[in-house]
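These notes concern the structure reproduced below.
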Amino acid sequence: MSPVSSPDGPPSAARAANSSADGPATKAADEPAAKAADEPATKASGEPATKASGTAATSTGDGPPRPRPPAESSSPAKGHGPAEAAERATRDMAAQFEDEKPGRVLSGPAALLLGTVALAVGALALWQVFRPLAQGSKYYLIIFLAGVLPLVFLAYPADLPRWARLRRPRRRDDDAHRADQTDRADDTDDADPADDADHTERTGSTRPTVVDWLLVALTVAACLYPVLPITIGTGGGGYNAFLDRQGLLAPTDLVLGTVLLLLLLEACRRTTGWILPAVCLLFLGYGYYGGLLPQSWPVAHAGLDFSQLVDAFYNSDSGFYGTPLDVAASYIVLFTIYGAVLELSGAGRFFVDLSAAAFRRSRTAAGRTAVASGFLLGTVSGSGAATTVSIGAVTWPLLRRAGYPPERAGGMLAAAGVGAILSPPTLGAAAFIIAEYLGVSYLAVLGWATVPTVLYYLGILLSVEIDARRSGVRPVVLDVGSPWRLLGRFGYHFASLIAIIVFLAVGVSATRAVVFAIILTAALSWLDRTHRLTPARLATALVTGVRGVLAVTAVCAAAGIITATTTKTGLGPQAAALLIGGAQAATSDPTLVLVLTALLAAVALSLLGLAVPVTASFVIGWVIVGPALLDLGVAAPAAAMFVFYFAVLSEVSPPTALAAVAAAAVTGGRLVPTMWQTLRYALPAYLTPIAFVITPTGLGLLGIGGVGRIAVAAVVTALSVAVLAVAAGGWLPGVGPAGAPERVLGALGGVTLLWLEPVPVALGAALAAVAATGVFLRRRSADRSSPHPVEERL
């Protein structure tokens, strides 16, 4: 998504920022100095914090290393203009935030191999939609994993501590690589070769090592073993023979199953860090040693030996090749390809420019543009952090010119970007797992997500308006064209999004609907000569889509360790009984037990989400928390969406908050304050999911029930979100600042309104009214005591 308009494209919001009549924003002493609007963000010291693209990292004093683009992509490539370079730079920077950890920038044979295999996997995924493999879906999953998992070891470095790395002999091509990096740095004003050296030290290598290639070969062997028609001792013999040994594995099966288990743990470590592998090992240990626990303990079980565990992982439908991997191979890969196709067609830039044009005459145009861009880009992206980077690359110059501090702007961008995981029609990966677990159509899940998504962005938009008045940000003149002219010229980008909904509504499967949308997008791209999807660009989209699913595939396959262990040991019902028992220890009232269980579940899911990615967080939460909510009579859709939303909100929760890390990389703001600002913007969304489960009326928020229930639930919850936004922001629009007593009353009223029953709703509304009255009286008192009336600053 280019922040600069091409000759044939829509006017760019970034260019509009440059042409603003306003001068640079006045900043506090700890804020970065204002630069030209099209320059990278700056650190507090005034030095560049980010460059154009890449995967290196810099450190700040108050948080973990912040990803920083390397110098090799900082300047436009030869033969390309600044628009193409900026577009490529934004894509590269967004790509590094698709997962918890950045990947390598490959070149040479490794890049060629990865591209070729990824292209083949993408083609196979498309073929499977219309001509499924005759051997069945599990056979396809085995082939898919064999194609994708080896690429993880090429695309992601080991990133081991220095003491744990193998010393690699210095080679002549290393010197050539460093010389090439120095030459590139000489052509770039803001490049720092030392940073690239730091990145090489941190990752151990910028290219795959010998160990990586050995892991690739071992992964291919372990993944393809079940389908290879080769007899190895008492094992092997092909796919049918492998299935026939379910429950009674041969020694070869046991060895290769163990190898694949270890490889999956290492793949997860490379892509997401140490926490998820540790959680998987914890479940593995529970399965093996749980039989040694006192049998009077609720979580004790009969015990499983190691061969039984490997059989459950390697040769059952609930292990590596279970529902999570099925979702990744059947749905997620297709939607990531669709997102790549739509991005290459110019849709991302159009959505941002349309947002800027729609609010160009608004006093809070900069903030509204950021929020609207997050919502529109979220409809085609399932990654919160990557969406944050995409909207930040264009809207951060606008926010800076309006006077937003980097931390506050970063919080706004991160909160808006996380909505990508919640926004139909392209939800996060966990949404597809919900459809599979509950046995419903993906269209039903989209329906459940619609009202909560609107409420989520309503809360952020209200917070933006409150901040504008409380902080005195300045209006920004956006020199962009009419939104109607933009829609008339480039509105066809909405066609594929609408087509997905229409296809789903008439009964077309989700997989076929997204493939038809890809075809439609490719055809319509020829209406814009600068973004035509030629065969070469389509191949690029396939490779990009498959590379975007590498980490989630490793996570989904490793999630099979958790689901298989839970199924074998019966941990789900036992954990549910413990959760409910904890609530019942405090009260015997059934309603209060449900409320306490929901609160305990929310805390548990929030803490879990701090450690593992969204998909794994949902899977673990569903097998542990889901049964407890279902046992208390909560409807399955409400329980599933409750778990889903709290898993998603981990991306804005300190101290990890991946979306906030991405936003800080764009704005150059301090990391920890950016995280807290993100939490403040998204605060109403933390509480709204509780309304799903504590009353039957809460189902109306999911679009379940009659029109009356849906309307009542939506209106009352919208009021709750508004009151909570005022309480968090400390300002009542149209009146003035709110004091501590009014904010406390407002917070209590907003929370009470989430209990969608007549008496709590009336009480919550009364508390909100008292708080608003207090703000009004405070304003009148200030007007009387001051010769100059207090006015809302903007």
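Measuring max minus min along each principal axis, the C-alpha atoms of the stretch 667-794 give extents of 55, 40, 22 Å (largest first). Once the 1.4 Å probe is applied to the protein heavy atoms, the stretch 497-591 comes out at 41 Å² accessible per residue.
Calculated FRET efficiency, Trp213 to Ala495, Cβ-Cβ distance, R0 = 45 Å: about 0.55 to the nearest 0.05.
With N as its number of residues, the stretch 528-685 has a Cα radius of gyration that, divided by 2.2 N^0.38 Å, comes to 1.32. Between amide H atoms placed 1.01 Å from N, distances below 5 Å from Leu732 occur with Ala738, all of them 5 or more places distant or on a separate chain. Could you work out what % of the accessible surface of the stretch 706-746 is carbon and sulfur, using a 1.4 angstrom probe and leaving DNA, RNA and ligands out of the count? Here it works out to 82 percent.
Distances between placed amide hydrogens fall under 5 Å for Ile232 paired with Gly237, all partners being 5 or more residues away or on another chain. Computed from Cα atoms alone, the Kirkwood hydrodynamic radius reported for the stretch 445-511 is 15.8 Å.
Carbon and sulfur atoms: what percent of the 1.4 Å accessible area of the stretch 297-379 do they account for?
56 percent
Positive contributions from Lys and Arg (+1) and negative ones from Asp and Glu (-1), summed over other residues with Cβ under 15 Å from the Cβ of Ala691, come out at 0.
The values are calculated or read from the model by the stated rules, or taken from the named source; none is laboratory data. This one's a predicted model, so the numbers in the text were calculated from it and none came from an experiment. Using ideal geometry, Cβ is built from the backbone for each residue, glycine included, and neighbour counts are taken over all protein chains shown. To get the accessible areas, we keep the full protein, side chains included, count just its heavy atoms, and leave off ligands, DNA and RNA. Shrake-Rupley method; radii C 1.70, N 1.55, O 1.52, S 1.80 Å.
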